[in-house]
Structure formats: structure tokens, C-alpha cells
Amino acid sequence: MTSTATAPGPTAPAPGPPPSPPDGRDRPGGRSGLLGLLDLPGQGVRAVIRSAATTPGRLTVIAVGLVLLSLVAGLVATLSVQDRDDTISGVIDHREPLAAAAQQVYRSLSDADATAASAFLSIGTEPPELRQRYERDVAEAGAALAKAASDASDVADAAAPVDVLNQSLPVYTGLVETARANNRLGYPVGASYLREASELMRAKILPAAQDLYRVDTERLIDEQDSATGFPWLATILVVALLAALVVAQVHLTRRTNRLLNVGLVIATAAVVVSLLWGAVALVVQGSLVGSGQDDGSHRVDVLVRARIAALQARADETLTLVARGDGAAYEKDFGANAVQLVGPDGQGGLLGEARGLIKDGNGVAKVADATKAANDWLKAHKEVRAQDDAGQYQEAVDFAVLEDKTDGSAPAFRRLDDSLQAAIDVGRQEFLDDTHNGDRALTLLAPGLAVLAVVAAAGVTMGIRERLREYR
């Protein structure tokens, strides 16, 4: 039996997987579309890591990092100094004048109230000088209110008292005019209108004026504190840059056996100059602005509160006489305000606090004059009360309101008010002088820091580039 063998022919290839679509995903590491975009940061990091494995790559990474840190530190430091400079300018040109205007609102309104009562007490025709003074006080209060309220729309705490003042002041002046008209005709109801006007002033208008002054003063203090704050972020970045430059130079010295790298030395010198210049300027500026706060605005605030107490007491004194035997509440308020002004012994209170704060300069004499005038006024007030209680009403009125009685109440109070105003003016000037000098300490610092940051970045670029050329 025979068999036939057949030679094997070529074997057909086994079917393989279908070809991949030509979208690039078969390439190692390749992606397309949204996945490619998402993978870009990772690819960049991997490229930097691969580059950093070589000496030229490491030098490039160091150079880029130092340049970026130089520019960022310079930008932050420049903006920080410029913001501080702008804050100081705002304190001088805007915030302090607003606080002064708010204080003037209170002073003018309180003096208007006392002047209206003094004019009401005059026999016969109303003295023209008192009428003119009242009208001047009202006009000054309106002008100061417009200035103090110039930015009240942005501050809720300031907007509320401004609204009260704007709404109540016309009502007050209307009541005073009604009282004057009735008084000229000899109607006793005029006294009732005047007392109603004074109650509106004391219960609603003056508290609103005091709130406005408090808000503006607190904002002044906040901006002063902001102008003396420590620039933490800028300092950390500059110190970090200095440390990075030192580390980079140590690394290059070990790799190249060259002691100095001129470019990095220049960059380091620029950073050191920035750090020293900024430190000295900010210390001097902070010290002067702080001095302006302690020797200026803080003292002014104490003196303003003393003046407010004196003005309230003066209104109490005249209204006690207007009440004609029914003014016990006014006399009680007078006593409380007098204690607040000079203390129970005549040497304490707010004036005593001011004497403790003001140790030198023109303010010392002004506060001493105010203290003497306050004690003279309180002595004259006792005489007014003695005459009124003894039934000598007209003598008491004359002693209280006539300016020609040299030992009377009115001249003594005028000396007190003038001395307090002079002391306040001295304090404001000291504030302005110190704060202006603090602002001058920052002259050219912001652009100087920017220039030094660019110099540092250029020094880094020059220094690293010289080393990279050695590898070509």
C-alpha cells in the first residue's frame, strides 16, 4: 500500500488585532485632544526633570527660578511701599481733615445752642454780636457737615448720624426762630420754644455729631495703624530671595571651583541694598507716623473731648437761667460735665489727662491757659448760681452772658474755648509735621525697589549665562 506525501505550503498568517486608528495614541506618551491638553503640565514637569539631570539643565532651572523670585519679590515690595505711601497721603489729605470737620460740626452746633440761649436772656433788643455769632455757628456747622459727610455714603456708621443731622438741624433752627419771634413780642411761650430747641439739640443733634466725630476718628486711627504695619509678605520674599542667591553661589562655587560669580554678586548686592534701604525707611516712617499719632491725633482727641464737655456745660449754664427756677436738671448736667473737664479737684479730668500727655512744645502753655480759664469759669459759675438763688436774677444773667464783666462767666469761658482751640491747632500741626516727615522717608523707595529687582534679575541672568557658555 502506497501513500502520497504532500509538501507543506506556506501557512496563512493568523489574524491579528485590527489596526489602531491614526489618532497618534499609538505613539509612546502621545495624546490628542482634551487629554493632550490635560497632559501638558505633566509633560512640562517631566521635561524639567529630565533637563535637571544635566548640569546645564540645572543651571537653567536655577536661573529661571531666581529671576522669577527676583521679579515677584520686587513687585510685591514695590506695591507694598506704594500702598503705604498712598495710605499716608490719604491720612494727611483726606482722613484727618474729615475728623477735624466732624469736630467742628459738634463745636459749632454746641456753641450755637449756648449763644442762642445767651441772646434769649438779653433784655430788650437782641445783641447784634450774639445774633451774628449764632448765624456764623450755624453756617460753619453746615459747611463742616458737608465736608465731614463727603464719604459717608460708603460707611453705614457715618451715614446714620449724617442723616439725623441733615433732618434735625432745620427743625432746630426753626424752633429757635420761633422762640426769638415770641420773645421779641414779649410772649412767655418763647422760652418754651427755646427749651424745646435745646432739648432737640442735646438729645438728638449733638449725639449724632459726636457719633460722626467718633466714626471719623476711628477711621483715622485705623489708617494710621495700617500705615505703620509690618510688610510681612514683602519681607519674607526678599529674605527668601537673598537666601536663594547665597545657596546658588555656594552651589556654583562647589561645581566650578570659582570663588565668585560676578552676576550673582551683583544680584545679591542689589537685594541687600533693597533690604537695608527698605528696613531703614520703613522704621523711620513708622516711627514718625506713630509719633504723629501719639503727639498729634491722640492729644487732639483728648482736647476735643475736653472742649465738648466745656461746650455742653456752657449750654447747661445758660439754659439753667432760661428755665427760671426750673433748671435743676441742667445744673446737674453742668456739674457732671465740669467734673469730666477738670475733675473734682479742678486739676484732673480731661485737661489733667492732656497735661500728662503734653510735656513739651507750645501745647504745654495752651493747656495751662485752658486749665486756669476753666477754674476761673467754674468760680464765676458759682457766683452766677449764688446770685440766681438769692433772687438776683438779672444780676445773675448779666454776670453769665455779658462780655464786659472781666470776672464774669462769659469772658472766662471764652478764654477757655480759645485756649482749647489753640491747643487743638498745635496738636493738629504736630500731627501734620510728623506724618509729612514720615511720608518723606518713603521718597523714591517704591521705584528704587523696582529698579533693584530688575538689576537682581539681570545679574542672575548674566551670571548663569556665563557658566552655561562653558558647556557649549
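None of the figures in this text is laboratory data; all of them are computed from the coordinates on show. Predicted model, so just to flag it, every value in this text is computed and none were measured. Please note: Cβ atoms are built from the backbone with ideal geometry, for glycine as well, and neighbour counts cover all protein chains shown.
In segment 230-472, the C-alpha radius of gyration followed by the widest Cα-Cα span (Dmax) gives 32.3, 112 angstrom.
For Leu468 and Ser226, the FRET efficiency from 1/(1 + (r/R0)^6), where r spans their Cβ atoms and R0 equals 56 Å, is about 0.80. Annotation: for a label point projected 7 angstrom from Cα along Cα→Cβ of Thr256, residues of segment 428-468 with backbone N closer than 20 Å are 455-468. Residue separation of Asp326 and Ser192 scaled by 0.36 nm, minus their Cα-Cα distance, works out to 47.1 nm of gained length.
Going from the fewest other Cβ atoms within 10 Å to the most, the residues Arg95, Arg314 appear in the order Arg95, Arg314. The alpha-carbon of Lys405 sits under 22 angstrom from the alpha-carbons of these lysines, leaving out residues fewer than 8 places away in its chain: Lys372, Lys379, Lys382.
Each of Ile236 and His94 was given a label point 7 Å from its Cα along the Cα-to-Cβ line. The distance between the two points is 2.8 nm. From least to most packed, judged by other beta carbons within 10 angstrom and beginning with the fewest, Lys204, Lys366 follow the order Lys204, Lys366.
Each residue of segment 61-75 was assigned a 3J(HN,Hα) from its phi angle through the Karplus curve 6.51 cos²θ - 1.76 cosθ + 1.60 (θ = phi - 60°); the sequence is 4, 4, 4, 4, x, 5, 5, 4, 5, 4, 5, 5, 4, x, 5 Hz, with glycine and proline shown as x.
For the chain, the mean residue ellipticity at 222 nm estimated from helices alone is -27000 deg cm²/dmol, where every DSSP H run of n ≥ 4 contributes -39500 (n - 2.57) and the total is divided by all residues, rounded to the nearest 500. Using only the Cα atoms of segment 92-227, build the gyration tensor, take square roots of its eigenvalues as a ≥ b ≥ c, and label the shape rounded, prolate or oblate: rounded if a/c is under 1.5, else prolate if a/b is larger than b/c, else oblate. Prolate shape, in that a/c is at least 1.5 and a/b is the bigger ratio. Working from label points 7 Å from Cα in the Cα-to-Cβ sense, the Arg136 to Gln429 distance is 2.1 nm.
If R0 is taken as 45 Å, the Cβ-Cβ distance between Asp86 and Asn375 corresponds to a FRET efficiency of 0.45.
As a rough guide to protection, the peptides 132-141, 450-459 ranked by mean Cβ packing within 10 Å, highest first, stand as 450-459, 132-141. Note on Thr217, Thr178, Thr406, Thr435: ascending count of other Cβ atoms within 10 Å places them as Thr406, Thr178, Thr217, Thr435, the fewest first.
Taking a point 7 Å out from the Cα of Ala458 in the direction of its Cβ, the residues of segment 262-293 whose backbone N falls within less than 19 Å of it are 262-275. In plain terms, the chain from Val284 to Val72 could stretch by 73.8 nm, reckoned as 0.36 nm per residue minus the Cα-Cα distance.
Reported to the nearest whole Å, the Cα centre-to-centre distance from segment 287-314 to segment 162-213 is 28.
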